[in-house]
């Protein structure tokens with residue numbers, strides 16, 4: 001322990017956060033917003049009474065939840081260029097690019113999880129609320145808009161934030177397609193200076209502080225919403 | 001006299017199980033009718049068919065002479081004719097007390113916010129809760145929540161009030177404050193259908209008692225006959241009465 005040398009970190013902070021963390025945050029934000037949007041559609045489909053609408057959503061959700069994320073990233077990076085090339089009748093594979101592959105694979109993967117959170121948030125609203133809304137004469141859409149969705153949103157915001165936090169951690173997997181995220185940037189520095197241990201310790205501490213603080217905040221938000229319910 | 005509520009040979013099945021068997025019933029304007037019977041006898045289901053919350057497979061239901069169980073029926077419009085109070089209150093937890101009373105008035109009746117609030121406040125005063133108007137339902141006791149729920153139903157100016165076991169989820173000391181509000185309503189001439197086990201309330205306030213068992217209307221008679229002419233009742237009703245009137 002005594003001969004750990006952290007001196008290479010301060011001059012590298014600009015690179016670690018200005019470039020590495022930016023990639024990490026970009027993937028997190030794109031995949032979280034895209035995934036929640038797609039998740040909303042999937043959840044609405046899944047709750048439909050028409051089987052031809054609900055079954056595709058169930059298949060999608062189960063498909064993506066039963067595959068390792070890393071496999072999906074590989075698929076989009078290596079396989080999709082050939083598929084696109086074949087679809088577009090191009091003689092060469094169509095270049096997707098590492099960052100686009102990451103955006104697409106994380107979005108599609110997370111959407112499956114977000115969809116389940118949204119669905120259970122809606123289903124957690126008691127059936128009696130539906131009766132009460134109908135009894136005062138609200139139409140179906142008024143009921144969803146003024147009674148069900150506001151309560152469902154309160155149910156689902158904390159777990160959606162927690163899931164986004166997991167996504168933030170999982171983005172470190174993009175090293176497999178040679179993208180330099182926060183973790184990747186740190187190992188670049190560590191390899192250059194021969195201080196891998198120090199850099200990894202620093203990365204671990206950074207992830208811990210960020211995630212710990214955010215998860216505490218989410219818990220507080222959750223408690224506040226419980227008292228309103 | 002014009003019937004406010006009319007059920008004609010209503011039957012309902014949950015899969016293969018028949019919960020309502022050929023139920024027929026007429027309730028006139030201004031009448032107070034109590035529905036009682038053992039649990040699982042279909043009382044709650046029956047009262048929910050009146051405003052179309054529970055669909056039925058056979059028979060005809062009319063509310064203020066408008067057909068309820070019809071594909072063409074404008075259910076939201078018809079449902080607003082009847083106010084309903086539930087066993088578990090079902091106030092909207094994300095809205096405060098006054099907002100609970102205003103939602104239907106504004107969205108369904110098209111009243112302005114100001115008019116809805118004025119009406120809401122006068123109803124809250126009537127149930128003795130105007131000082132709680134800014135609280136959220138979770139901050140109120142069960143009895144208070146149920147009184148707000150009654151005020152919410154009244155805010156729609158209903159012609160009929162439906163009560164589905166309004167006191168059975170309440171602590172004993174809160175039952176009376178709710179029954180008092182209901183008794184006042186009955187005295188003012190509101191048409192009321194009440195599913196309840198409160199036999200004291202039934203005896204004092206109701207005009208008629210309907211006794212249900214196994215999805216059938218077994219008895220439909222005047223209050224005096226139900227309680228005082230016990231020998232004249234069906235065996236099932238006698239058995240039920242002997243159980244609930246023992247203490």
Subset of the range B:132-165, residues within 21 Å of residue A:137 (Cα to Cα), within 13 Å of another protein chain (Cβ to nearest Cβ) and assigned to a helix (DSSP H, G or I), comes to B:137, B:145, B:146, B:148, B:149, B:150, B:151, B:152, B:153, B:154
Filtering the range B:46-63 down to residues that are in contact (Cβ under 8 Å) with a residue 40 or more places away in the chain and more than 15 Å from residue B:8 (Cβ to Cβ), which residue is surrounded by the most Cβ atoms within 10 Å (Cβ to Cβ)? B:51
All conditions in (1) over 14 Å from residue B:162 (Cα atoms); (2) surrounded by fewer than 22 Cβ atoms within 10 Å (Cβ to Cβ); (3) within 13 Å of chain A (Cβ to nearest Cβ); (4) at pLDDT 90 or above are true of residue B:24 except (3)
List the number of the failed condition for residue B:198; all other conditions in (1) surrounded by 14 or more Cβ atoms within 10 Å (Cβ to Cβ); (2) farther than 21 Å from residue B:166 by Cβ; (3) free of Cβ contacts under 8 Å to residues at least 40 places away in the same chain hold. (2)
Quick check on the range B:108-129. Is at least one of its residues surrounded by fewer than 16 Cβ atoms within 10 Å (Cβ to Cβ), within 14 Å of chain A (Cβ to nearest Cβ), touching a residue at least 40 places away in the same chain (Cβ under 8 Å) and on the phi < 0 side of the Ramachandran plot? no
Somewhere in the range B:115-128, is a residue touching a helix residue (DSSP H, G or I) at 6+ places or on another chain (Cβ under 9 Å), modelled with pLDDT under 95 and outside any helix (DSSP H, G or I)? yes
Looking at the range A:55-89 only, could you name the residues that are crowded, with 16+ Cβ neighbours inside 10 Å and more than 20 Å from the chain's Cα centre (by Cα)? A:80, A:81
By residue number, the members of the range A:156-176 that are buried (at least 21 other Cβ atoms within 10 Å of the Cβ) and either out of contact with any helix residue (DSSP H, G or I) (no Cβ under 9 Å at 6 or more places or on another chain) or within 14 Å of another protein chain (Cβ to nearest Cβ) (or both) are A:156
Sort out which residues of the range B:51-70 are under 20 Å from residue A:143 (Cα atoms) and more than 7 Å from chain A (Cβ to nearest Cβ), and write them in order of number. B:52, B:54, B:55, B:68
Scan (1) in contact (Cβ under 8 Å) with a residue 24 or more places away in the chain; (2) surrounded by fewer than 21 Cβ atoms within 10 Å (Cβ to Cβ); (3) over 25 Å from residue B:149 (Cα atoms) for the single condition residue A:186 breaks and write down its number. (2)
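The values are calculated or read from the model by the stated rules, or taken from the named source; none is laboratory data. Because the structure is predicted, anything quoted here is derived from the model rather than measured. Heads up, the Cβs are rebuilt from the backbone with ideal geometry, glycines too, and the neighbour counts pull from every protein chain shown.
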